[in-house]
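The values are calculated or read from the model by the stated rules, or taken from the named source; none is laboratory data. Source: prediction; values computed, not measured. Here Cβ is always computed from backbone atoms with ideal geometry, including for glycine, and neighbour counts include all displayed protein chains. To get the accessible areas, we keep the full protein, side chains included, count just its heavy atoms, and leave off ligands, DNA and RNA. Shrake-Rupley method; radii C 1.70, N 1.55, O 1.52, S 1.80 Å.
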Amino acid sequence: MNTTDQDGEKVKSVVISGASGMVGSALAARLSEHGFSVRRLVREKAENDPDVIFWDPATGEIEAKKLDGIGAAIHLAGENVAAGRWTAARKERILESRTQGTTLLTQTLAKLKNPPAVLVSASGINYYGDRGDAVISEDDPVGKGFLADVCRQWEAATQPAEEAGIRVVRLRIGPVLSPEGGMLKKILPPFLAGAGGRIGNGRQFISWIALPDLLAVLEYALGNSSIQGAYNVVAPNPVTNAEFTRTLAKVLSRPAFLPVPTFGLRLAFGEMADEMLLSSTRALPQRLEAAGFQFQYPELEKALRKVLDKD
Ligand SMILES: NC(=O)c1ccc[n+]([C@@H]2O[C@H](COP(=O)([O-])OP(=O)(O)OC[C@H]3O[C@@H](n4cnc5c(N)ncnc54)[C@H](OP(=O)(O)O)[C@@H]3O)[C@@H](O)[C@H]2O)c1
């Protein structure tokens with residue numbers, strides 16, 4: 001894999017925020033295996049561990065000196081959006097952990113004597129909002145709703161890094177397929193119990209991505225200086241919720257005939273049901289494909305078989 005930055009130098013060291021999370025922990029392991037020196041930007045102090053850098057987006061503290069000279073930064077941190085019902089306090093944490101965290105990180109990187117060559121910063125495919133059957137590329141405008149607004153502000157907060165001449169890559173990530181977290185972890189128990197089923201009318205599109213492909217995109221973005229700006233990180237074959245349901249049931253060899261009614265979802269999850277479960281985004285990875293990125297898991301069934309170990 002090509003891991004050179006725009007100065008032609010090898011990016012050997014990387015700092016990851018959110019490294020304890022589902023994506024971050026898998027990424028840290030992969031990059032270490034691939035010879036990177038990996039440091040973690042975390043909210044818990046670990047003074048005796050040189051690979052741990054402390055920060056706290058809520059208070060604005062950050063061990064800036066330890067970031068000087070690092071080749072690349074990957075920013076994944078943010079309050080989990082699906083951890084519970086969206087109370088006003090939770091919505092504030094979802095937004096502020098991203099705006100304050102990204103601003104703190106990018107302003108700090110911008111002021112370093114030796115800033116990183118590249119910042120790869122997460123965002124979500126929710127950027128586009130609920131768009132029905134429309135096929136969405138990176139040229140589409142920001143959508144409506146709470147999560148679209150979070151993504152817009154989250155991406156805008158990367159600006160200080162861009163202004164400092166750091167190559168900034170903004171990844172609009174779709175629901176990540178992994179049994180360790182995200183959507184799949186939540187729906188697996190009912191499916192395994194034979195009580196799975198489509199959500200609402202099942203016509204809403206899911207622009208999913210298999211975890212191994214997301215990790216490959218993150219590494220690809222580090223090493224390719226032509227990668228810059230916003231990218232949809234979704235497989236090239238988004239599916240409707242009904243198709244997702246049928247495919248997951250097939251992979252698990254379980255029935256899935258129990259549709260989850262819309263009113264029940266709204267009762268149980270409130271606003272989160274509309275934005276995360278009933279919302280439809282049919283996004284394509286147009287810029288990644290144009291850049292020549294090869295997906296290892298472009299089809300849902302193969303992706304599910306891989307991540308669920310049902311090969
Ligand atoms: N998983 C998906 O399907 C998906 C889809 C689209 C976008 N994304 C985005 O990709 C990123 C990584 O996803 P993930 O699934 O790995 O997330 P995750 O498992 O929820 O981990 C996120 C990490 O962010 C840090 N964090 C949590 N609350 C925080 C807060 N209030 N302030 C600052 N940091 C906080 C934590 O790290 P520390 O405790 O070490 O600080 C946590 O491990 C997230 O920003 C997520 O929104 C994920």
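Summary table below
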read-out: Residue satisfying condition, being in contact with a strand residue (DSSP E or B) (Cβ under 6 Å, 6 or more places away or on another chain), under 30 Å from GLU63 (Cα atoms) and more than 13 Å from the ligand (Cβ to nearest atom), within set ALA156, ALA110, ALA161, ALA122; value: ALA161
read-out: Unmet requirement for MET276, which otherwise passes all of (1) modelled with pLDDT of 95 or more; (2) open to solvent by 40 Å² or more (accessible area, probe 1.4 Å); (3) part of a helix (DSSP H, G or I); value: (1)
read-out: Residue within the stretch 233-248 that is within 18 Å of GLY174 (Cβ to Cβ) and of a type in the set (D, E, K, R) present; value: yes
read-out: Residues of the stretch 43-94 classified as assigned to a loop (DSSP other than H, G, I, E, B), more than 9 Å from the ligand (Cβ to nearest atom), in contact with a strand residue (DSSP E or B) (Cβ under 6 Å, 6 or more places away or on another chain) and in contact (Cβ under 8 Å) with a residue 12 or more places away in the chain, total; value: 3
read-out: Options SER137, SER123; residue that is crowded, with 21+ Cβ neighbours inside 10 Å and among the polar types (S, T, N, Q); value: SER123
read-out: Selected residue (criterion: nearest to GLY21 (Cα to Cα)) from residues of the stretch 177-193 that are surrounded by fewer than 14 Cβ atoms within 10 Å (Cβ to Cβ) and more than 16 Å from the ligand (Cβ to nearest atom); value: PRO189
read-out: Among (1) within 14 Å of the ligand (Cβ to nearest atom); (2) open to solvent by 20 Å² or more (accessible area, probe 1.4 Å); (3) over 24 Å from ALA28 (Cβ atoms); (4) among the β-branched types (Val, Ile, Thr) - the single one ILE173 does not satisfy; value: (3)
